[in-house]
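K.L.:
Structure in structure tokens, see below.
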Amino acid sequence: MPTPSTPEPASARDATGRYPWPAGVRLARDLGAVIACQDQELCDLGCGTGVVGRAALQAGARRVAFLDGADDALAGLRELLGSEPRASFHLHQWGEVPPGGPYRLILGGDILYREAFFPQLLASIALGLAADGQCLLADPRTRLEEELPGLAQAAGLTWSSVRRSDFTLVSLRPAGAAPAVARD
Ligand SMILES: C[S@@+](CC[C@H](N)C(=O)[O-])C[C@H]1O[C@@H](n2cnc3c(N)ncnc32)[C@H](O)[C@@H]1O
């Protein structure tokens, strides 16, 4: 049993995947303006209720892999989308290679909220992206942690971000790839 002097290590699991998060909802809302999903094979990383990946399916994605570390979130999604042949569901912890990749597109809504897991999260993105791939993350804040671009670089990724109307859109690409091409 942890005592006040021995804090419990951060668990890879939490209960945040039980409801849609603001930047995930906003990315889903603007997805067509941000990136073309038609015929794409992509991954919704830290999918929770799958708000982002479901928008990608609606936008014509060929295949969407829903990844999350919480099995209850995945169970809810399976129930919702079980008959959708383009959807697959994978238990995945940040730091591990994302199953089903490499992906030309990884989407993530509101997953930059656990500073202790930034290196693992960025490692999974680097491991899951195809050489010409792009990861787009949505965050509600106007300012993100200053260490993030450096951590991305250490993971072999380039980092750029732009403030849209009500969320920040981060683009990550393998270092050495052509510049990001999120729609404006
Ligand atoms: C804030 S919620 C965002 C959910 C969804 N993307 C949205 O926009 O509504 C963060 C999600 O990341 C997942 N998550 C958190 N830490 C994780 C980890 N270390 N490995 C895998 N998934 C994790 C949670 O289970 C949760 O579903």
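Just so it is clear, none of the values below were taken in a lab; they were calculated from the coordinates. It should be emphasised that the depicted structure is a prediction, and the values quoted were computed from it without experimental measurement. Quick reminder, even Gly has a Cβ in these numbers, built from the backbone with ideal geometry, and neighbours come from all protein chains shown.
K.L.:
So, in region 55-89, exactly how many residues are more than 10 Å from the ligand (Cβ to nearest atom), aliphatic (A, V, I, L, M) and in contact with a Leu (Cβ under 9 Å, 6 or more places away or on another chain)?
P.N.:
Number of matching residues: 9.
K.L.:
Can you tell me which residues in region 91-123 are part of a strand (DSSP E or B), surrounded by 15 or more Cβ atoms within 10 Å (Cβ to Cβ) and over 11 Å from the mean Cα position of the chain (by Cα)?
P.N.:
Passing the criteria: Glu96, Tyr103, Arg104.
K.L.:
Hey, another quick one. Among (1) under 16 Å from Leu136 (Cβ atoms); (2) under 14 Å from the mean Cα position of the chain (by Cα); (3) not in a helix (DSSP H, G or I), which single condition is Arg54 missing?
P.N.:
For Arg54, the failing item is (3).
K.L.:
From the list Leu42, Leu74, Leu67, Leu80, which residue is of a type in the set (A, V, I, L, M, F, W, C) and either within 17 Å of Leu169 (Cβ to Cβ) or in a loop (DSSP other than H, G, I, E, B) (or both)?
P.N.:
After applying the criteria, what remains is Leu42.
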